[in-house]
Every structure is written in structure tokens, then in C-alpha cells.
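Notes to accompany the following structure.
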Amino acid sequence: MTSPGPGGPTPLSIDPTCRIEFGPGRIGQLPALIAATGHDRAFVVTDHGLRAAGVLEPVLKALRAAGLEYAVYDEVAPNPSTANVDAGAARARTFGTAAVVALGGGSVLDAAKGISLLVGNPKATAADADELWEAADGLPLVAIPTTSGTGAETNGFGVIEDTTACRKVYIGHPSVKPRIALLDPELTLGLPAPATAATGIDALVHGIESLASRGANPVSTAYATQAVTMVSHALPAAYRDGADLDARAELMLGAHLAGQALSLSGLGLVHGIGHALTAHTGTPHGVALAAVLEEVMEFNAPAAQGPYEQVARAMRLAPPADGDWARAAIEAVREIAGAVDVKRPLRTLGADRGMLPAIAAGAVADAVTTNNPLSPDHTQVLDILTTTY
Ligand SMILES: NC(=O)c1ccc[n+]([C@@H]2O[C@H](COP(=O)([O-])OP(=O)(O)OC[C@H]3O[C@@H](n4cnc5c(N)ncnc54)[C@H](O)[C@@H]3O)[C@@H](O)[C@H]2O)c1
């Protein structure tokens with residue numbers, strides 16, 4: 001596949017991602033999908049919140065009805081740690097060969113990738129993440145996202161906190177890229193409104209940053225454009241009425257497409273700042289992104305007129321009277337963030353002024369920032385943080 005460019009067609013090499021099974025009630029197909037991985041046993045990875053919300057039990061019921069042997073590890077914590085992944089892997093090794101079924105948000109999906117990989121590498125621990133990229137294969141993974149946000153079902157890495165070394169590690173391997181993404185919007189009907197907002201904004205940012213990324217190509221742009229259309233339309237509706245299945249379905253598929261987009265293009269400075277803010281304050285991922293989204297778009301606008309026009313058109317905005325599509329896109333993003341009540345000043349998120357230089361340094365150093373349309377320096381990021389403080 002090629003795309004026209006000033007220096008001639010740009011070659012592209014794109015691996016297909018996972019098989020997608022999308023639709024309300026699709027969870028009933030789980031036993032057959034596990035069989036499609038070549039296994040007749042399942043190791044289910046999830047968290048306490050999913051159990052308490054009543055999402056886990058119907059899934060286990062479907063496994064029992066099909067006569068599948070299974071075990072459950074439900075101890076995954078938000079922003080999971082290496083210790084968390086090691087504990088899950090110990091349980092999975094005891095259970096033995098099986099398909100790993102990840103039922104949850106990005107935290108569960110990420111932890112499940114690490115657990116699956118460690119089962120294939122019995123002597124390794126999660127802290128060995130940097131060496132595991134070339135290691136033996138992990139167990140096959142079926143990913144069942146229960147938030148519409150991270151798109152973690154589209155890639156083979158997890159972001160894990162190494163609590164001993166105080167750093168984020170990327171644990172991953174091609175073999176733990178989910179074989180199947182089971183996207184059943186009924187599983188998200190009970191997601192509370194604040195979590196719907198935070199995870200949905202994550203998906204919107206994936207679409208916007210993918211369009212403006214230096215790594216964008218015609219395939220990522222196609223995914224990202226459709227993702228922005230679907231997420232910007234469905235997020236306010238799903239926030240207003242969590243039981244609106246049409247909105248939940250559109251949001252879920254949109255978030256998945258945004259994940260496909262970012263896996264091809266990379267992201268940008270909103271994520272660079274978001275990661276650093278979460279590392280310093282523990283702010284949930286989507287809330288951290290929302291805190292700086294419009295301000296980063298203002299900063300990028302001089303170098304992102306075309307992509308932001310694409311964002312505005314994807315949102316089906318009327319042509320602006322002054323022709324300033326980028327401004328129209330930023331205003332529309334502000335309106336969505338307001339409608340889902342997700343934007344907070346940094347000072348209310350546990351950041352104090354003295355932390356801002358370190359957050360700025362973290363954002364500039366983060367690998368995601370290299371794909372931002374403008375390369376920010378420390379002072380420019382500090383300005384953004386001060387404006388949003
Ligand atoms: N691998 C990737 O590509 C990627 C991309 C972005 C973010 N991430 C990671 O994903 C994590 C964030 O994931 P997240 O935003 O999905 O949140 P999360 O997985 O931490 O879940 C947040 C809370 O929502 C609850 N929950 C989830 N689904 C629910 C449902 N349907 N009903 C009721 N409660 C439900 C969970 O129990 C949890 O308490 C971070 O660790 C981040 O680093 C990974």
C-alpha cells in the first residue's frame with residue numbers, strides 16, 4: 001500500500017491487528033472464541049470493580065454453561081504494578097496452559113498481557129519487561145474491554161508501574177497482542193458517568209492526536225477520522241444516559257478505532273503531559289488528558305491547521321464564518337469536555353506549583369511527545385501547565 005507524498009509514494013507496512021467481534025450480547029460467544037484460540041480452558045483476569053459491578057458473573061456463567069474449566073485472578077489494581085502482574089502470573093502458572101481472558105478496562109488488559117507473557121517465560125518477572133520483547137511466546141489472549149477508552153485491545157504492550165524502580169515499564173511481545181477483541185457494549189451499561197467521561201475523553205484524544213501526529217499515514221487517518229466522528233457524537237449521549245445502548249455501542253466501536261489509529265501513528269503532547277501528571281499525582285489517565293487538551297491544541301494549532309480541520313469536519317461542524325477550522329475544532333472539544341464535566345484545574349488534581357517543572361520535564365522526555373506536530377521545550381510546556389493550573 002502506498003500514499004502520495006512530495007518525495008514520491010511513501011511505503012507502508014501494516015500488520016493486521018486482532019479479530020473483532022462486536023455487538024450487544026456478543027459475550028455469549030466467548031466459549032466459542034476461546035476454542036478458536038486452540039484452548040479449552042480459560043484463565044480470567046479482571047478486577048474487584050468488575051466483580052462488584054456484576055460484569056464478571058454472567059461471563060463466568062457462560063463459561064460454566066459451556067463446560068469450560070476456568071480460574072479467576074481478580075486482583076488487578078488501577079495503573080497496575082509489576083508486583084500485581086507477578087502475583088497474577090504465579091496464579092496463572094499454577095493453573096497451567098489456557099487462553100487468557102482479559103475482562104476489564106485498560107488496567108486489566110495491560111496486566112493480562114504481562115501475565116500471559118510471564119507464563120510463557122517461567123523464570124522471568126515483570127521487572128524484566130525490557131528484556132521480554134525478544135522472549136518466548138505468551139499464552140493467547142482474548143480481550144474484552146469494559147471501558148470505551150484506551151484501545152488497549154489493539155496492541156501487544158501494557159503500561160505497568162515498577163514500584164521498586166519508581167518508573168513506568170512497557171511490558172509486551174507480539175504474541176500477547178490480543179487474538180480476539182470481543183466488543184460487547186452491554187458490558188459498559190453500568191460504567192458510572194464520571195468513568196464514562198474520563199475513558200471517553202481518552203478515546204477522543206487518541207483520535208485527535210493520531211490525526212495531528214507526525215507518524216500519521218493514510219490508514220491511521222482513516223481510522224482516526226471515523227473514531228472522532230463516532231466518539232464526539234456518542235460520548236455526551238452515553239454520559240447523559242448510561243443505559244443508552246446505541247450510544248454505548250457507538251462509543252465502544254469508536255474507541256476501538258481510535259486504538260487502531262494510535263497504534264499506527266503514535267500520539268503527542270497531551271499524552272506526554274497526561275503521563276507525567278498521573279505519575280506525579282495519581283490522576284486517572286483520562287482526567288489528566290482533559291486537564292490540558294484544549295491548551296495543547298492551541299499550542300499546536302499553527303502547525304496543525306490541516307489535521308484540526310479534519311477533526312472539525314469529522315465532528316460534522318458547520319463551516320466557520322471566518323474559515324478558521326482549527327479554532328472551531330478547539331471550541332467543539334471544549335464544549336464536549338464541558339458537557340461531560342471532565343475538565344479540572346491542575347491545582348484540584350493534587351498538583352502543587354512546585355511540581356510543575358518536574359511534570360514539564362517528564363512530558364518533554366516522554367517518547368509519545370516526539371510525534372507531536374510541534375516539538376515543545378520545557379518553558380513552553382511549563383506555560384501550558386501554568387495556564388491550566
Ligand atoms: N496499552 C495501551 O494501549 C493503553 C493505552 C492507554 C491507557 N492504558 C492504560 O490503561 C489504564 C487505564 O484504563 P481505563 O481508563 O480503562 O481504566 P481502568 O481499567 O483503570 O478502570 C477504572 C475503574 O473502572 C472500573 N470499571 C471498568 N469497567 C467497568 C464497567 N463496565 N462497569 C463498572 N465499572 C467498571 C474498574 O473496576 C476500575 O475500578 C492505565 O493504566 C493506562 O496506563 C493502556
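The values are calculated or read from the model by the stated rules, or taken from the named source; none is laboratory data. These numbers come from a predicted model, not from an experiment. Positions of Cβ are generated from backbone atoms using ideal geometry, with glycine treated the same way; all protein chains shown enter the neighbour counts. To get the accessible areas, we keep the full protein, side chains included, count just its heavy atoms, and leave off ligands, DNA and RNA. Shrake-Rupley method; radii C 1.70, N 1.55, O 1.52, S 1.80 Å.
A few remarks follow.
- Note on the stretch 30-85: residues that are charged (D, E, K, R), open to solvent by 60 Å² or more (accessible area, probe 1.4 Å) and over 23 Å from the mean Cα position of the chain (by Cα) amount to 5.
- With respect to the stated conditions, Gly67 is more than 25 Å from Val287 (Cα to Cα) and outside any helix (DSSP H, G or I).
- Yes/no for Ala195 being near the ligand (Cβ under 10 Å from one of its atoms), closer than 19 Å to Leu253 by Cβ and open to solvent by 10 Å² or more (accessible area, probe 1.4 Å): yes
- Considering residues of the stretch 75-94 that are of a type in the set (Gly, Ala, Ser) and in a helix (DSSP H, G or I) only, the residue farthest from the ligand (Cβ to nearest atom): Ala90
- Qualifying position, being open to solvent by 20 Å² or more (accessible area, probe 1.4 Å), polar (S, T, N, Q), closer than 20 Å to Thr154 by Cβ and more than 14 Å from the ligand (Cβ to nearest atom), among Gln310, Gln305, Gln226: Gln226
- The set of residues in the stretch 347-382 being touching a residue at least 12 places away in the same chain (Cβ under 8 Å) and closer than 17 Å to Met297 by Cβ consists of Ala363, Val368, Thr369, Asn371, Asn372, Pro373, Leu374, Pro376, Gln380, Val381.
- Residue selected from the stretch 243-268 under the condition over 18 Å from the mean Cα position of the chain (by Cα) and either among the aliphatic types (A, V, I, L, M) or open to solvent by less than 20 Å² (accessible area, probe 1.4 Å) (or both), by the criterion farthest from Val342 (Cα to Cα): Leu245
- Output for the stretch 313-337, where each listed residue is over 23 Å from Ser375 (Cα atoms) and of a type outside the set (D, E, K, R): Ala314, Met315, Leu317, Ala318, Pro319, Pro320, Ala321, Gly323, Ala328, Ala332, Ile336, Ala337
- Val176, sole failed condition from (1) within 21 Å of Gly23 (Cα to Cα); (2) open to solvent by less than 10 Å² (accessible area, probe 1.4 Å): (1)
- The residues on offer are Thr154, Thr150, Thr146, and the sole one that is touching a Leu at 6+ places or on another chain (Cβ under 9 Å), open to solvent by 30 Å² or more (accessible area, probe 1.4 Å), in the same structural domain as Thr97 (by TED's automatic domain parsing) and near the ligand (Cβ under 8 Å from one of its atoms) is Thr150.
- Flag: Gly242 does not match the condition of being under 30 Å from Ile359 (Cα atoms) and within 16 Å of the ligand (Cβ to nearest atom).
- Residue in the stretch 95-117 that is away from the ligand (no atom under 14 Å from the Cβ), without any contact (Cβ under 8 Å) to a residue 60 or more places away in the chain and farther than 19 Å from Ser175 by Cα present: yes
- So Ile14, is it more than 20 Å from Leu139 (Cβ to Cβ) and buried (at least 16 other Cβ atoms within 10 Å of the Cβ): no
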